[in-house]
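Each remark here refers to the structure printed beneath this line.
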Ligand code: ADP
């Protein structure tokens, strides 16, 4: 984390201002609640100080009791009103801070993550950046989180300084009247020197505290690493996903050996504890001592002036309290600016992510909604290289999907099947060649519109832990009959009838503890139902039966007509036996389609890849 030094002050200012704009745009109430609360709370401290001074001065001057009574009442009312307003603002702030800030910041990340080009999201560099951001955000709250905290402290310090100036100016301007006592204090140069000395001590106090604080920033990497390890290994045995493996393989002892000394980072022997006891501890002590020295100097200055008759006892209390707060506020403002500069390094990483370019061209053409599902897609001499890769994952692939056709894609691992689907769904654009939808390059269509042409069941699909019916429909506002129908076509109706809450059953227990933990096969059926509900003209099924037992698998194939209807369907499978019902089979090898045709025609080419794959697998079947 040595790079903190590289960020200049103007750059840090820019980054912090941008953080302010981003947060203000995301939630004006959140930012306002912070600023109002901290400004008012800090400024309000001066109200009782000023009123008490007025009361004491009135007593000292022997003012009439009515005036004193009035002042006392005003003091009480002012303090009470301030307390109420402060409590109100504090509530306002805590609502937005504790409940609001997390979702607001999360939304900024999620929106960026989901709107960026898939190629950018898929890039290992993007993943690494996101991991880094997650680690320092969770680890030390650096970045946007820390900015919010610093904004709060900064507002407080500024309010303290401003209030202090108002109540302290006359301390410097009041003149000593007794010629025998410290009359030198009237000299303008002495006044200037005193003010400069106070500011200097206050700044030094702060500077030392910031130096101490910087040690934490410098150790942010270790901090993040400790948190990351603890996040993965902590509570391991209690996690349902891992409990079985941990028991069977008795993993805890050896995991503990790996991480034992690493999670010790936060223990009394860890680097943070050593710093706290050593260098950082000494700096903090020095900083605290200097702050007491400042109080001592201010008290001496005020006392001397009062002795010389510059002002009465009432103002002595006012000046000693407010002058110290003024200088502390001033130095804190400077210190926070220093902290903001250190945090700017993390803000920069945040914005590096937000600014990731999305180079993929987004077209504007809309897609004609056709009931007849006559959407024809054609790959024309398409080649593709993954960003940064040296070799082509697809090479000169030409292929025309016939409308309503059931196409199976087969081939060994790494032969390009998934890449072909990724290009079809425009997760990536071809490096060479083009893909046409109804004769027009797919890049010319509006991306969301183009995606609406597809229903996909990915091999590693995921379902949110929400209500079954809503998940199938991908919406809270849905047609229950249609959802039931989709589940039935996916072979889920028997299981559905057993569920006491039916479509309102929660999937898993993450959102609602009454939810049901469905088996892998059941979840796969739900994922298929979701694809059916979407009712897109193209259906892509990537190993859709991988999690099903042979009986359930056979059932899916039996129902395939109901699932696919007259859609153009692409079916990827390792098991050639499951592709026989398709109209056409395309065989991929080393990024090329080397054979295509029906099962029978491909099998009749005895020397071909398909026959070889088929024969290799056939020995496993007893049919
Ligand atoms: P299949 O689905 O047939 O197993 P893939 O389409 O996943 O094959 O892979 C085709 C080739 O592209 C393989 O050589 C694979 O290593 C490579 N590949 C796949 N994904 C990426 C990626 N994100 N970055 C770089 N290379 C990749």
Answer rounded, prolate or oblate for the stretch 34-164, using the Cα gyration tensor with square roots of eigenvalues a ≥ b ≥ c: rounded when a/c is under 1.5, else prolate when a/b is larger than b/c, else oblate. prolate
Dimensions (Å) - the stretch 309-420, Cα atoms, principal axes, largest first: 101, 41, 22
Please compute, over every Cα-Cα pair in the stretch 486-612, the percentage with a separation greater than 22 angstrom. 45
By per-residue mean of other Cβ atoms within 10 Å, what is the highest-first order of 169-182, 480-493, 447-460? 480-493, 447-460, 169-182
Here the tail fraction of P(r) beyond 34 Å, over all Cα-Cα pairs of the stretch 112-354, rounds in percent to 42
What FRET efficiency would be calculated for the residue pair residue 66, residue 20, taking the C-beta separation as r and a Förster radius of 56 Å, to the nearest 0.05? 0.70
Given the C-alpha atoms of the stretch 288-330, compute the convex hull and give its volume per residue in Å³. 56
What is the calculated FRET efficiency for residue 390 to residue 88, with r their C-beta to C-beta distance and R₀ = 45 Å, to the nearest 0.05? 0.10
Can you tell me the orientation of helix 251-263 relative to the chain, as the angle in degrees between its alpha-carbon axis and the longest Cα principal axis, to the nearest 10? 30
Cα gyration tensor, the stretch 311-357 - rounded (a/c under 1.5), prolate or oblate: prolate
Tell me, in nm to one decimal, what length is gained between residue 289 and residue 601 on full extension, where the rule is 0.36 nm per residue of separation less the Cα-Cα distance? 103.3 nm
Can you give me the angle between helix 520-534 and the longest principal axis of the chain, using Cα atoms only, in degrees from 0 to 90, rounded to the nearest 10? 90
When the Kirkwood hydrodynamic radius is evaluated over all pairs of different C-alpha atoms of the stretch 463-535, what value in angstrom, to one decimal, is obtained? 11.7
Once both label points are put 7 Å beyond Cα along the C-beta direction, the residue 238-residue 380 separation in nm becomes 6.0
With a Förster distance of 41 angstrom and the Cβ-Cβ distance between residue 355 and residue 432, calculated FRET efficiency to the nearest 0.05 equals 0.90
Averaged over all viewing directions, the convex hull of the alpha carbons in the stretch 111-217 casts a projected area in nm² of 10.9
Can you give the alpha-carbon Rg of the chain over 2.2 N^0.38 Å, where N counts its residues? 1.39
Computed helical MRE - 222 nm, the chain, DSSP H runs ≥ 4 contributing -39500 (n - 2.57), nearest 500: -19500 deg cm²/dmol
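Throughout, read-outs are computed from the coordinates displayed, never taken from laboratory work. Everything numeric in this text was worked out from a predicted model, so none of it was measured. Every residue, glycine as well, gets a Cβ built from its backbone with ideal geometry; the counts of neighbours run over all protein chains shown.
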